[in-house]
Amino acid sequence: QADCFEQLKKTDVVPLLMNYLMENEQIICADPTTVEAKLRKMVLGGAGKTVVISDFDYTLSRFANESGERLSTTHGVFDDNVMRLNPELGQKFVDLKNKYYPIEFCPKLSMEEKIPHMEKWWGTSHSLIVNEKFSKNTIQDFVRQSRIVFKDGAEDFIQSLDGHNIPLVIFSAGIGNIIEYFLEQKLGAIPRNTHFISNMILFDEDEKACAFSEPLIHTFCKNSSVIQKETSFFHEIAGRVNVILLGDSMGDIHMDVGVERDGPTLKVGYYNGSLDDTAALQHYEEVYDIVLIHDPTLNVAQKIVDVINSTH
Ligand code: MG7
Ligand code: MG
């Protein structure tokens, strides 16, 4: 009985968070009962049972600036910078984007139909990078000059996870090195809790790009099929049964598949699309527990983590 009382006390904070989620018009929680139940389990488990699995592009990074202009993804770093230095090659990156981006988000095509196109896009774009033999230094400069911007509160969010020893797995179909350089530049170093599952540029002994890591990770294969079980951090997340998943695309919702466990996954989705597209928005509400509309901050994710940390 005392145990029961203790559990109630610990989860006292959950209704407060639920109120916050329900009162905000930019936050959609289609099934609050389920969300509340997941949150209670996560609070009881505490930081020690939690892992955050997050997408990077347009999830930890901002989708648009204050004037509504689209910001850059990790691949986009090449489009912008190469255009400046070598317009002919830059145009090739831009042509690829103009051809394949509409296919990635085409509502009429199935995932199976899109996959070969995504493989072609990533493959071609990566070949351009490797053939040009960009050096590590050049790419670090590209990142410095890029239009990748952290969401408000992202730095604090990452640091607070690290402070509470909650692992952060950044699962990205972008380019992992670009994320690493960005974090190094913004945070001074990559926090110890932070791990990557992504496409990595491999460098030769002269630090020139010479290949990409395998398997290729594109939008529609972000699941256990691309996770190498021998990854060094796997033991670190083995006992972490409660997952907070952060993403912005439909391809992000299975990022937790592959971690063997029976705890809940709380899926938080950033919706960056048009508000007129009610079908798309509805689809997000079905697959994500919490949908955040045009949110340039990490406030909600931070509040969830704060609540998990508050009782220990
Ligand atoms: N994405 C994927 N590729 C490219 C590229 O070559 N250039 C640009 N600008 N964007 C690219 O983080 C994953 C996202 O990155 C985009 C090969 C895709 O739209 C994908 O959703
Ligand atoms: Mg994304």
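Counting residues in segment 86-106 that are touching a strand residue (DSSP E or B) at 6+ places or on another chain (Cβ under 9 Å) and open to solvent by 40 Å² or more (accessible area, probe 1.4 Å) gives zero. Of everything in segment 160-171 that is out of contact with any helix residue (DSSP H, G or I) (no Cβ under 7 Å at 6 or more places or on another chain) and in a helix (DSSP H, G or I), the residue that is farthest from F196 (Cα to Cα) is G163.
Output the residues belonging to segment 294-312 that are open to solvent by 60 Å² or more (accessible area, probe 1.4 Å) and assigned to a strand (DSSP E or B). Listed by number, the list is empty, since nothing qualifies.
Candidates L44, L96: the one that is within 11 Å of ligand 1 (Cβ to nearest atom), more than 21 Å from the chain's Cα centre (by Cα) and in contact (Cβ under 8 Å) with a residue 24 or more places away in the chain is L96.
Rundown of residues vs (1) within 20 Å of the chain's Cα centre (by Cα); (2) within 28 Å of N24 (Cβ to Cβ); (3) modelled with pLDDT of 90 or more, yes/no style:
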residue	(1), (2), (3)
T194	yes, no, yes
L202	no, no, yes
E214	yes, no, yes
I227	yes, no, no
D252	yes, yes, yes
D262	no, no, no
K267	yes, yes, yes
H283	yes, yes, yes
D289	yes, yes, yes
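Close Cβ contacts (under 9 Å, 6 or more residues apart or on different chains) running from residues in segment 190-209 that are over 20 Å from L128 (Cα atoms) and outside any loop (DSSP other than H, G, I, E, B) to residues that are open to solvent by 80 Å² or more (accessible area, probe 1.4 Å) and modelled with pLDDT under 95 comprise H195/S232; I197/Q228. Just one of the listed residues (V130, V143) is within 21 Å of K186 (Cα to Cα), away from ligand 2 (no atom under 16 Å from the Cβ) and either part of a helix (DSSP H, G or I) or open to solvent by less than 20 Å² (accessible area, probe 1.4 Å) (or both), and it is V143. Note on segment 262-293: residues that are open to solvent by 60 Å² or more (accessible area, probe 1.4 Å), within 30 Å of L44 (Cβ to Cβ) and assigned to a loop (DSSP other than H, G, I, E, B) total 1.
Do you know which of the residues in segment 159-174 that are among the β-branched types (V, I, T) and over 26 Å from D79 (Cβ atoms) is surrounded by the fewest Cβ atoms within 10 Å (Cβ to Cβ)? Looking at residues that are among the β-branched types (V, I, T) and over 26 Å from D79 (Cβ atoms), I get I166.
Screening the candidates G68, G76, G45 for the property of being away from ligand 2 (no atom under 16 Å from the Cβ), surrounded by 13 or more Cβ atoms within 10 Å (Cβ to Cβ) and not aliphatic (A, V, I, L, M) yields one hit, G45.
Does K114 qualify as being basic (K, R), farther than 30 Å from D141 by Cα, assigned to a helix (DSSP H, G or I) and in contact with a strand residue (DSSP E or B) (Cβ under 6 Å, 6 or more places away or on another chain)? Please lay out each step first, then the result.
Working: basic (K, R): yes; farther than 30 Å from D141 by Cα: yes; assigned to a helix (DSSP H, G or I): yes; in contact with a strand residue (DSSP E or B) (Cβ under 6 Å, 6 or more places away or on another chain): no.
When the stated conditions are applied, K114 does not pass them.
The values are calculated or read from the model by the stated rules, or taken from the named source; none is laboratory data. Everything numeric here is computed off the predicted structure, so don't read it as measured data. Reconstructed Cβ throughout: ideal geometry from the backbone, glycine too, with neighbour counts over all protein chains shown. Surface accessibility is based on the protein's heavy atoms, side chains included, excluding ligands, DNA and RNA. Shrake-Rupley method; radii C 1.70, N 1.55, O 1.52, S 1.80 Å.
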